[in-house]
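None of the figures in this text is laboratory data; all of them are computed from the coordinates on show. Every value quoted in this text rests on a predicted model; they were computed, and no experiment measured them. Note that we place each Cβ from the backbone using ideal geometry, even for glycine, and neighbour counts take in every protein chain shown.
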Amino acid sequence: AADLPPVSESDPTAKALGYVEDASKTTNAKYKAGDDCANCQFYSGGATGRGPCQLFPGKSVNAKGWCVSHTPKKA
Ligand code: SF4
């Protein structure tokens, strides 16, 4: 499958969810150390690079990214 286009941090949904490409750069109070897209249940990509997120249909998010909807993957 073709790679999905990357979501922009300035995308309205991204802004609403406080999405950042680099989880370590967020200043959001909801961020917990260690959380990133790669360990979020809405993410279906690999541990590195980019992959799909259910909250951003048709776009890709960064494995090392983060947003306020982060929910830990079930084991
Ligand atoms: Fe990343 Fe999860 Fe937010 Fe999607 S919902 S952008 S995978 S933290």
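Before moving on, here are some points about what is shown:
- Estimated 222 nm signal from helices in the chain, with DSSP H stretches of n ≥ 4 weighted -39500 (n - 2.57), rounded to 500: -2000 deg cm²/dmol
- Cross-link pairs beyond the 18 Å C-alpha cut-off, checked among 25/64; 32/73; 30/59; 30/64: 30/59
- Cut-off 12 Å between beta-carbons: net charge of the residues surrounding residue 3, Lys and Arg +1, Asp and Glu -1: +2
- From the C-alpha gyration tensor of the chain, square roots of 5λ in Å: 17, 15, 10
- Highest mean packing comes first when the peptides 44-55, 25-36 are listed by Cβ atoms within 10 Å, giving 44-55, 25-36.
- Local electrostatic count, residue 64, Cβ distance below 9 Å [Lys/Arg +1, Asp/Glu -1]: -3
- Dipole-positive endmost among 62, 6, 38 within the chain (Cβ charges, Cα centre): 38
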